[in-house]
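These notes are about the structure you will find just below.
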Amino acid sequence: RGLTVVYPGCEQGFLAPLPVRKMSGVGAVAERELISHGVRTLGDLALADESLLRRIFGKNAIVMRTRAQGGDMTPVEEGEAAKSVSNEMTFAKDLTSRVDVEAAIATMAAKVGRRLRKKGLAGRTLSLKLRFGDRSVRSVQKRLPAPSDDELAFTPLLYRMVDEVWCEGIPVRLLGVGMSGFREDEYVQDTLFDVAREAPTTLDAEPVIVDDVKRRGLLDATDALRDRFGEGAVRFGHELRNAENTTGTGAKNPDDYK
């Protein structure tokens, strides 16, 4: 299935029979030079004379030998904290009706909320992005009254925000939702979308389910089902409305935070 597990202590035995070209950093020229000196496998490279390796790899000679032996001299560094969590989708057929646009907003918001909860994050800056049929882009951001990872609470806010950048009938090609401001000193997310309209005023709207306990209970239940049976185990009606109208090129910012 494209997965190989090399257990601790077995690195050298796994690498030794592989041809030298299999290792990153060994190009065609280096391969020819190594083979001309009888170095055909990574096992040979691990035992090769240092002067030969320096002639071929220069200052990287020791690094290449160490890698052939199954080691790595690169220090382990902790990744940067998350700055934003977002998700967007391109549609095969432009959306023009309010009901379709709201369904798309709810679908993207649900994906963002799910990712926020999985990472233990809650943000205060909510973002909405639209790309229209003419390829122009508009986006808007709002400051939430409190950090949130609850799409059932912030989706109605997005419904109000869309009125600032879109009118029914204008073709929407792409739609994205994002959340940032995970630290108290973060007010406006400045790299998530192509165009940003700063809107520092707090936006308020009634959640989909007003009761906080019931709303969190629903989110916990759906998260548990998806964790056990997969992301498609539970789907809301709004997710089905545009399910067949996508290009298959949804995008989200990289999960490079730890």
- Query: Nearest 0.05, what FRET efficiency do residue 168 and residue 119 give at R0 = 25 Å with Cβ-Cβ as r?
  - Reply: 0.10
- Query: Sequence-distant or interchain residues sharing an amide H contact under 5 Å with residue 242, placed H: which?
  - Reply: none
- Query: Rounded to the nearest 0.05, what FRET efficiency is calculated for residue 146 and residue 50 with R0 set to 45 Å and r the Cβ-Cβ distance?
  - Reply: 0.15
- q = 0.07, 0.10, 0.12, 0.17 Å⁻¹: log10 I(q)/I(0) that the Debye formula gives for the chain, counting C-alpha atoms only: -0.41, -0.66, -0.77, -1.17
- DSSP-assigned coil residues among GluC sites (Glu not before Pro) in the range 35-86, each with at most 16 further Cβ atoms within 10 Å: 77, 78, 80
- Message: From the phi angles alone, apply the Karplus equation (6.51, -1.76, 1.60; θ = phi - 60°) to the range 46-56 and give each ³J(HN,Hα) in whole Hz, x where the residue is Gly or Pro.
- Response: 5, 10, 5, 5, 4, 5, 5, 5, 5, 5, 8
- Item | Dipole magnitude of the range 1-76, debye to nearest 20 (Cβ charges: Lys/Arg +1, Asp/Glu -1, about Cα centre) | 200
- Query: Setting aside same-chain residues fewer than 8 positions from residue 142, which lysines have a Cα under 18 Å from its Cα?
  - Reply: 83, 129
- As straight-line cross-link partners of residue 59, the qualifying lysines (C-alpha separation under 27 Å, not fewer than 8 residues apart within one chain) are 22
- Task: Can you tell me the dipole magnitude for the chain around its Cα centre, using point charges on the Cβ only (Lys, Arg +1; Asp, Glu -1), in Debye to the nearest 20?
- Result: 700
- Could you tell me which of rounded, prolate or oblate describes the range 128-183, using a ≥ b ≥ c as the square roots of the eigenvalues of the alpha-carbon gyration tensor, with rounded for a/c under 1.5 and, failing that, prolate when a/b is larger than b/c and oblate otherwise? prolate
- Task: Arrange the following residues from fewest to most other Cβ atoms within 10 Å of their Cβ: 132, 91, 154.
- Result: 132, 91, 154
- Summing -39500 (n - 2.57) over every DSSP H run of at least 4 in the chain, dividing by its residue total and rounding to the nearest 500, the 222 nm mean residue ellipticity is -10500 deg cm²/dmol
- Note on the structure: Dipole check, the range 84-247, charges on Cβ (K,R +1; D,E -1), about Cα centroid: among 165, 108, 125 the Cα furthest to the positive pole belongs to 108
- Just add up the charged neighbours of residue 216: K/R +1, D/E -1, any other residue whose Cβ is under 11 Å from the Cβ of residue 216. -3
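Quick note: the coordinates plus some simple rules give every number you see, no bench work behind them. Worth saying up front: this structure is predicted, and the values here are computed from it rather than measured. Methodologically, a virtual Cβ is constructed for each residue, glycine included, from the backbone with ideal geometry; neighbour enumeration extends over all protein chains shown.
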